[in-house]
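Visitor: Dropping the structure in here first, questions after.
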Amino acid sequence: MALPVFKVGAEDFTSFVRINKFKWTRNDVDSDKSGRTMDVLMHRKRLGQKRKISFTCRRLSCAELQRLARALNPEYVQITYLDPELGVVTKTFYGTSISATTGIVVGGETYWDDTGFELVER
């Protein structure tokens, strides 16, 4: 059985992901010719399938969040993750957004809560 994994390029961020806060979605991409006819019957021409993965991270220090944000910043990134259909795979994704909330300051260090982001397969 494969273990959860989350890498951006060669950098391993698996420990950043909050337990039970990884969401996987498979989306169909249909032709523009797909649609319903007058008899209301659906006719599809599936061109392919793409994955979307969403993450929520555990509490992160500023240095950890900066490292993650830099890794996710390029237009496209190579992501290695556990796909429920394919096992551990590496695919090219792009990011749609990343957000975080200032959580707590301990000993002069700021920590961030609820860091979240979505990645869509190219």
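Visitor: Could you please find all residues in the range 1-10 being surrounded by 12 or more Cβ atoms within 10 Å (Cβ to Cβ) and either at pLDDT below 95 or not in a loop (DSSP other than H, G, I, E, B) (or both)? Show your work before the answer.
Guide: Looking only at the range 1-10, we keep the residues that are surrounded by 12 or more Cβ atoms within 10 Å (Cβ to Cβ), and these are 5-9.
Once the filter is applied, which keeps residues that are surrounded by 12 or more Cβ atoms within 10 Å (Cβ to Cβ) and either at pLDDT below 95 or not in a loop (DSSP other than H, G, I, E, B) (or both), the range 1-10 yields 5, 6, 7, 8.
Visitor: Could I ask something else about it? For the range 19-119, list the strands (runs of 3 or more DSSP E) that sit wholly inside it and hold at least 3 residues that are without any contact (Cβ under 8 Å) to a residue 24 or more places away in the chain; which are they?
Guide: Numbers: elements: 46-57, 77-83, 87-106.
In the range 19-119, 46-57, 87-106 are the strands (runs of 3 or more DSSP E) which contain 3 or more residues that are without any contact (Cβ under 8 Å) to a residue 24 or more places away in the chain.
Visitor: If we scan the range 74-94, do we find a residue that is more than 15 Å from residue 121 (Cα to Cα) and polar (S, T, N, Q)?
Guide: No, every residue in the range 74-94 fails to be more than 15 Å from residue 121 (Cα to Cα) and polar (S, T, N, Q).
Visitor: Something else about it: Against the condition under 30 Å from residue 102 (Cβ atoms), hydrophobic (A, V, I, L, M, F, W, C), modelled with pLDDT of 90 or more and surrounded by fewer than 11 Cβ atoms within 10 Å (Cβ to Cβ), how does residue 63 come out, does it pass? Steps first, answer last, please.
Guide: Values: under 30 Å from residue 102 (Cβ atoms): yes; hydrophobic (A, V, I, L, M, F, W, C): yes; modelled with pLDDT of 90 or more: yes; surrounded by fewer than 11 Cβ atoms within 10 Å (Cβ to Cβ): yes.
Against the criterion (under 30 Å from residue 102 (Cβ atoms), hydrophobic (A, V, I, L, M, F, W, C), modelled with pLDDT of 90 or more and surrounded by fewer than 11 Cβ atoms within 10 Å (Cβ to Cβ)), residue 63 qualifies.
Visitor: Does any residue of the range 106-116 turn out to be open to solvent by less than 60 Å² (accessible area, probe 1.4 Å) and among the charged types (D, E, K, R)?
Guide: Looking for residues that are open to solvent by less than 60 Å² (accessible area, probe 1.4 Å) and among the charged types (D, E, K, R), one finds at least one in the range 106-116, hence yes.
Visitor: Quick one: how many residues across the range 45-60 are out of contact with any helix residue (DSSP H, G or I) (no Cβ under 9 Å at 6 or more places or on another chain) and either open to solvent by 40 Å² or more (accessible area, probe 1.4 Å) or farther than 30 Å from residue 34 by Cβ (or both)? Steps first, answer last, please.
Guide: Going through the range 45-60, the residues out of contact with any helix residue (DSSP H, G or I) (no Cβ under 9 Å at 6 or more places or on another chain) turn out to be 45-54, 56, 59.
Now restrict to residues that are either open to solvent by 40 Å² or more (accessible area, probe 1.4 Å) or farther than 30 Å from residue 34 by Cβ (or both): 45-47, 49-50, 52, 56, 59.
Residues meeting the conditions: 8.
Visitor: Collect the residues in the range 57-89 that are hydroxyl-bearing (Ser, Thr, Tyr) and more than 19 Å from residue 23 (Cβ to Cβ), keeping them in residue-number order.
Guide: If the condition is that a residue be hydroxyl-bearing (Ser, Thr, Tyr) and more than 19 Å from residue 23 (Cβ to Cβ), then 61, 76 are the ones that fit.
Visitor: I'd like to know if the range 24-39 contains one or more residues that are closer than 15 Å to residue 6 by Cα, at pLDDT 90 or above and either open to solvent by 80 Å² or more (accessible area, probe 1.4 Å) or not hydroxyl-bearing (Ser, Thr, Tyr) (or both).
Guide: Step one: list which residues in the range 24-39 are closer than 15 Å to residue 6 by Cα, which gives 24.
Next, from what is left, pick out any that are at pLDDT 90 or above: 24.
From the residues that got through so far, the ones that are either open to solvent by 80 Å² or more (accessible area, probe 1.4 Å) or not hydroxyl-bearing (Ser, Thr, Tyr) (or both) too are 24.
Yes - at least one qualifying residue is present in the range 24-39.
Visitor: Looking only at the range 66-101, count every residue that is more than 25 Å from residue 26 (Cβ to Cβ) and surrounded by 11 or more Cβ atoms within 10 Å (Cβ to Cβ) and tell me the total.
Guide: Quick first cut of the range 66-101, residues more than 25 Å from residue 26 (Cβ to Cβ) only: 66-67, 69-70, 73, 100-101.
Still in the list and also surrounded by 11 or more Cβ atoms within 10 Å (Cβ to Cβ): 66-67, 69-70, 73, 100.
Here the count works out to 6.
The values are calculated or read from the model by the stated rules, or taken from the named source; none is laboratory data. Being a predicted model, the structure only gives us computed values, none of them experimental. Quick reminder, even Gly has a Cβ in these numbers, built from the backbone with ideal geometry, and neighbours come from all protein chains shown. Keep in mind that these areas ignore ligands, DNA and RNA; they rest on the heavy atoms of the full protein, side chains included. Shrake-Rupley method; radii C 1.70, N 1.55, O 1.52, S 1.80 Å.
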